[in-house]
Amino acid sequence: MQQSICEATTRTTLRRMGYNSRRPHWVPLISTTNRKKRLQFAQAHQNWTVEDWKNVAWSDESRYLLRHSDGRVRIWRKQNANMDPSCLVTTVQAGGGGVMVWGMFSWHTLGPLVPIGHSLNATAYLSIVSDHVHPFMTTMY
């Protein structure tokens, strides 16, 4: 067909069909291999009781930004209030920095929270495990 329609008509039609413009949710990229491993883990543990899970400790690392989020910020303001201090988001050069930490927890208690001052490669991760996981698990279990 050689007919064209305007963008507004397309948006209106999509809204009438129940679609709305939204930001997508951000989810971690999981490889096919890891997706299969996660499914195998879930299937192997699907019949565990709460008592079984009480004997598990969980760990993860995370980065926290000190000045702002990684996402876009939205505000509601009046047309001429663009320089009102309550409508501004401050910025700093180089992003303002952040901190990376590794931590663990179990049903019974929180474990150590370890600041990571460098990149977390396999050697650094194994060092954290030997320095923190073993003592925590020995104390708890």
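The values are calculated or read from the model by the stated rules, or taken from the named source; none is laboratory data. Quick caveat, the model's predicted, so the values are computed rather than measured. Methodologically, a virtual Cβ is constructed for each residue, glycine included, from the backbone with ideal geometry; neighbour enumeration extends over all protein chains shown. Note: accessible area is taken over every heavy atom of the protein model, side chains too, but ligands, DNA and RNA are not part of it. Shrake-Rupley method; radii C 1.70, N 1.55, O 1.52, S 1.80 Å.
Springs between Cα atoms under 10 Å define the GNM used for the chain, and in it the highest mean-square fluctuation of S86, S59, S21 occurs at S21. Comparing T12, T49, T90 in a Gaussian network model of the chain where C-alpha atoms under 10 Å apart are linked, the largest mean-square fluctuation is found at T12.
If you build a Gaussian network model of the chain, linking Cα atoms that sit under 10 Å apart, which residue out of L65, L29, L120 swings the most? Between L65, L29, L120, it is L29 that shows the largest mean-square fluctuation. Go through (i) 21.3, 71; (ii) 24.0, 74; (iii) 20.1, 64 and flag the label whose value is the computed Rg and Dmax of the Cα atoms in Å for this structure. From the options (i) 21.3, 71; (ii) 24.0, 74; (iii) 20.1, 64, the structure gives (ii).
Entry comment: accessible area of segment 1-45 is 110 Å² per residue, from protein heavy atoms only and a probe of 1.4 Å.
Helix 32-44 and the longest principal axis of the Cα set of the chain meet at an angle near 60°. Relative to the dominant Cα principal axis of the chain, helix 7-16 is inclined by about 60°.
With every protein chain in place and a 1.4 angstrom probe, the accessible-area ranking of W58, W102, W107, largest first, reads W107, W58, W102. Segment Y125..W48, full-extension length gain: 24.9 nm, with 0.36 nm per residue of separation and the alpha-carbon distance subtracted.
D84 sits with roughly 70 Å² accessible to a 1.4 Å probe, with DNA, RNA and ligands left out of the calculation.
For segment 81-88, 3J(HN,Hα) computed residue by residue from phi via the Karplus equation (6.51, -1.76, 1.60; θ = phi - 60°) reads 9, 5, 9, 5, x, 6, 10, 9 Hz, glycine and proline entered as x. The accessible surface of segment 16-59, taken with every protein chain in place and a 1.4 Å probe, is 54 percent carbon and sulfur.
Site pair L66 and I116 shows an inter-label distance of 1.8 nm when each label is modelled 7 Å from Cα along Cα→Cβ.
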